[in-house]
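Colleague: Quick one: structure below, then a few questions.
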Amino acid sequence: MNKVSNSVAIAVLESTGKRAKALSKNEASARGLAFIKCALTGKNKLNKTLREILKANGLTASTVNLKNVKNIKEEIYALRRARSQLRSLSPKTTLTSRLENLRKDVFKEYAFKLVRRGAPAGTYITTKFAMSNCEVDYKIVLDKVFNFFRGQSKKWPANSDHHCICFPADWRTRVLKKGLAELGGMLTLDAARLESNGNMEIYAATWVVQQRGYSVKVERGFIAISNNAHFHAPTIEAAIAGLRKKENVIPTDKDLKLSIEKFIEKYSSIKTNVSLDDARQSGSCEYGIRSWCESVGIDINRGEVEIIDILAAFRRLPLSEVKRAVIYAVRKNRHHPN
């Protein structure tokens, strides 16, 4: 816009000649507006027509004025072209697209928190909305990237992890706002509440189980929830039975309310092992046990692990189910020492 203003100012100055200093601000402004009107009038390609336009706007049809009107016209067109190019380069955002981006950003935050990522050559994510539950999915594909390393390792490829996710567009209301996004350290992709009796809530759900490396497995089943406790299972009956068992073995609130560091400090001096069966007997579901072990790098085939190793892993991924398993193992060892 500065170039147009400069061209108009020059036109006003050159059109007045020796009387330039005698013009008031209002007169100069009116004369500048007249030049702009001439430049914006359509039929001004021929000099004859342009002269008529100048006269119609109270300006003399001099050679200087003809030249300056053409200059102003060129500057206006250049400004319009620049704005048009800027609009074409700028992303077209609508209310719908902003809402879609918000939905995807919120989901990505939970996905990257609960699912392993961070291969050497980078992490990439592709998301789309599912039209039905059968489309809901989470896959991770590892690609080899060559020329990533430098020096002697240059010939070796590096992996990048690509997360391909399909989830409901209303995931925030179906899952997140109901407190189901993160259960047992696992990401819930979808959940639909079923009719149930009593205070227990039953959901037909789809969730992600972390496996070895960057592998994940999508499970479809049911989640039973009551009194801040939950249980994943492949059938409704198993989910209800698992939750009832979990509620019957709840340890004292005092131990569960301990901070992470206080809990570790209290139990790290105890010499015992924590087994898979301890986790099961304390109410953890099979999916959650396997997902947590894979997430923290514990080989589930070991069967049992020293409590000090469990607590070190618990510090990295502190789930309440781990507290329950540790407390159960300690109590069992006290009642039935080897």
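The values are calculated or read from the model by the stated rules, or taken from the named source; none is laboratory data. On a predicted model such as this, the values are computed, not experimentally measured, just so you know. Neighbour counts are summed over all protein chains in view; Cβ atoms, including those assigned to glycine, are modelled from backbone coordinates with ideal geometry. Just the protein is used for accessible areas: all its heavy atoms, side chains included, with ligands, DNA and RNA removed. Shrake-Rupley method; radii C 1.70, N 1.55, O 1.52, S 1.80 Å.
Colleague: Taking 7 Å along the Cα-to-C-beta vector as the label spot, tell me the residue 80-residue 16 distance in nanometres, rounded to one decimal.
Modeller: 2.9 nm
Colleague: R0 = 22 Å: FRET efficiency of residue 211 with residue 256, Cβ-based, nearest 0.05?
Modeller: Efficiency, from the Cβ-Cβ distance: 0.20.
Colleague: Would you look at the GNM of the chain, springs on alpha carbons closer than 10 Å, and say which of 176, 99, 13 moves the most?
Modeller: 13
Colleague: Let me ask something additional. Which order do 201, 261 take when ranked by solvent-accessible area (1.4 Å probe, heavy atoms of all protein chains), largest first? All intermediate terms of the calculation are to be shown ahead of the outcome.
Modeller: Values: 201 55, 261 100 Å².
So the residues, ranked largest to smallest area, are 261, 201.
Colleague: Same structure, new question: For region 86-240, what class follows from the C-alpha gyration tensor (a ≥ b ≥ c being the square roots of its eigenvalues): rounded when a/c is under 1.5, otherwise prolate if a/b is larger than b/c, else oblate?
Modeller: Working: a/c = 2.99, a/b = 1.49, b/c = 2.01.
In terms of gyration-tensor shape, oblate.
Colleague: Where does each of 139, 108, 266, 271 land when they are ordered by accessible area, with a 1.4 Å probe and the largest first?
Modeller: Values: 139 120, 108 55, 266 95, 271 175 Å².
Reading off the accessible areas and sorting them downward yields 271, 139, 266, 108.
Colleague: Enter the accessible area per residue of region 165-254 (Å², integer; probe 1.4 Å; all protein chains in place). Present the calculation step by step, with values, prior to reporting the outcome.
Modeller: Working: 4260 Å² over 90 residues.
Ligands and nucleic acids excluded, the figure is 47 Å² per residue.
Colleague: Now a separate question. Counting only protein heavy atoms and a 1.4 Å probe, tell me what percentage of the chain's accessible area is made up of carbon and sulfur. Intermediate results must be reported in sequence, preceding the final value.
Modeller: On the way: 10510 of 20280 Å².
For the chain, the apolar C and S fraction of the accessible surface comes to 52 percent.
Colleague: Can you tell me which of 162-168, 210-216 comes out highest on packing, and rank the rest after it, using the mean Cβ neighbours within 10 Å? Display every interim value, and only then the final one.
Modeller: Working: 162-168: 19.7, 210-216: 16.9.
Ranked by mean Cβ neighbours within 10 Å, highest first: 162-168, 210-216.
Colleague: Further question on the same structure: If we sort 317-330, 294-307 on the protection proxy, mean other Cβ atoms within 10 Å, highest first, what's the order? Intermediate results must be reported in sequence, preceding the final value.
Modeller: Values: 317-330: 21.1, 294-307: 14.9.
Result, highest mean first: 317-330, 294-307.
Colleague: Calculate, for residue 245 and residue 154, the FRET efficiency according to 1/(1 + (r/R0)^6) with r their C-beta to C-beta distance and R0 51 Å; round to the nearest 0.05.
Modeller: Details: r = 55 Å, r/R0 = 1.08.
Rounded to the nearest 0.05, the efficiency is 0.40.
Colleague: Further question: What percent does the relative contact order of the chain come to when contacts are Cα pairs within less than 8 Å and at least six residues apart? Mind showing how you got there, number by number?
Modeller: Numbers: 491 pairs, mean separation 34.9, N = 338.
Once divided by the residue count of the chain, the mean separation gives 10 percent.
Colleague: Next question, about the same structure. So which residue, out of 273, 65, 248, gets the largest mean-square fluctuation from a GNM of the chain using Cα contacts under 10 Å as springs?
Modeller: Fluctuation is largest for 65.
Colleague: Give me the lysines in straight-line cross-link reach of residue 155: C-alpha distance below 30 Å, same-chain residues under 8 apart excluded.
Modeller: Counting by Cα, and skipping residues close in sequence, residue 155 has these lysines nearby: 139, 144.
Colleague: Probe of 1.4 angstrom, ligands and nucleic acids ignored: what's the accessible area per residue over region 103-148, in square angstrom?
Modeller: Details: 2930 Å² over 46 residues.
Normalised by residue count, the accessible surface of region 103-148 is 64 Å².
Colleague: Over region 243-338, how many percent of alpha carbon pairs lie in each 10 Å bin up to the one with the longest distance?
Modeller: 16, 55, 29, 0
Colleague: Something else: Between residue 3 and residue 37, what is the spin-label point distance in nm, taking each point 7 Å from the Cα along the Cα→C-beta axis?
Modeller: Taking the two extended label points, one gets 2.6 nm.
Colleague: I want to verify a result. In a Gaussian network model of the chain, Cα cutoff 10 Å, which of these has the top mean-square fluctuation: 61, 130, 204?
Modeller: Most flexible of the set in this elastic network: 61.
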